[in-house]
Amino acid sequence: MRSAELDVIYTRRSVRSYKPQTLDESTIRELLDAAVQAPTAVHAEPWVFLVIQDAGTLKRCSDRGKASWAKQADQHRDLHGVGEATARNHFAHQLANPDFSLFYDAGTLIVICGKAMGPFVVADCWLAAENLMLAANAMGLGTCCIGSAIPALNAPETRAELGIPADVTAVAPIIVGVPNGDAAPVGRRPPEILYWK
Ligand SMILES: Cc1cc2nc3c(=O)[nH]c(=O)nc-3n(C[C@H](O)[C@H](O)[C@H](O)COP(=O)(O)O)c2cc1C
């Protein structure tokens, strides 16, 4: 019987349908404050954040992401949480639909970026991402990592549009919003223990 304190971990799901409500500044700041409480190698705190809420910017980033991702969709279909048998058709269909957003029409995209990349910067940014997602879940909000948007977020057009400096790299894009219904339960295999002595 697991303790109720762990519910925030066990009830987090990737949310792919959102209500059309925009998150306010204090909510976003609460999420960012939770994110930066993550462990950080040599206490570097090597992160900076993009908060994208403008519908036009989100659409342009999504369109760039769809174009770049269409070329690699077969290799990365598992990222989208769809079953093996139908994944290829499902994802190809989504990418071909001009109305489909890589960000599932969430009103907010938070991108955790690494300043000057070092050996632990990616780890730090993903730990911050998990903090943010668990905090969001505790606040009744939904999230989903959008790994498929990473190449587009680091593309020259996006860097120019958002004013991302050359030494900053987008690492962990997380959409956030008010869930539109409950996300389907997704199980896990039990931990496979390779060594314990
Ligand atoms: C690094 C990373 C990248 C991901 N990228 C995407 C993505 O581009 N689109 C998407 O719909 N889900 C994406 N996901 C979500 C996974 O599909 C999801 O976490 C997985 O299916 C397990 O479901 P759960 O998060 O509900 O437990 C990503 C997850 C991770 C960790």
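Considering the range 21-77 alone, what residues qualify as being on the phi > 0 side of the Ramachandran plot and not in a loop (DSSP other than H, G, I, E, B)? Listed by number, the residues that qualify are 42, 43.
For the range 1-12, taking the residues that are assigned to a loop (DSSP other than H, G, I, E, B) and open to solvent by 50 Å² or more (accessible area, probe 1.4 Å), the one that is farthest from residue 175 (Cα to Cα) is identified as 1. Hey, can you tell me all the residues within the range 3-19 that are farther than 13 Å from residue 180 by Cβ and small (Gly, Ala, Ser)? 3, 4, 14 - these are the residues of the range 3-19 that are farther than 13 Å from residue 180 by Cβ and small (Gly, Ala, Ser).
Within the set 18, 10, the sole residue that is of a type in the set (Phe, Trp, Tyr) and more than 17 Å from the chain's Cα centre (by Cα) turns out to be 10.
If the condition is being over 18 Å from residue 174 (Cα atoms), at pLDDT 90 or above, within 16 Å of the ligand (Cβ to nearest atom) and buried (at least 16 other Cβ atoms within 10 Å of the Cβ), then the range 28-87 contributes no residue at all.
The values are calculated or read from the model by the stated rules, or taken from the named source; none is laboratory data. Small disclaimer: the values here were computed from a predicted structure and weren't measured. All Cβ positions, even for glycine, are placed from backbone atoms using ideal geometry, and neighbour counts span all protein chains on display. Surface areas here come from the heavy atoms of the whole protein model, side chains and all, with no ligands, DNA or RNA. Shrake-Rupley method; radii C 1.70, N 1.55, O 1.52, S 1.80 Å.
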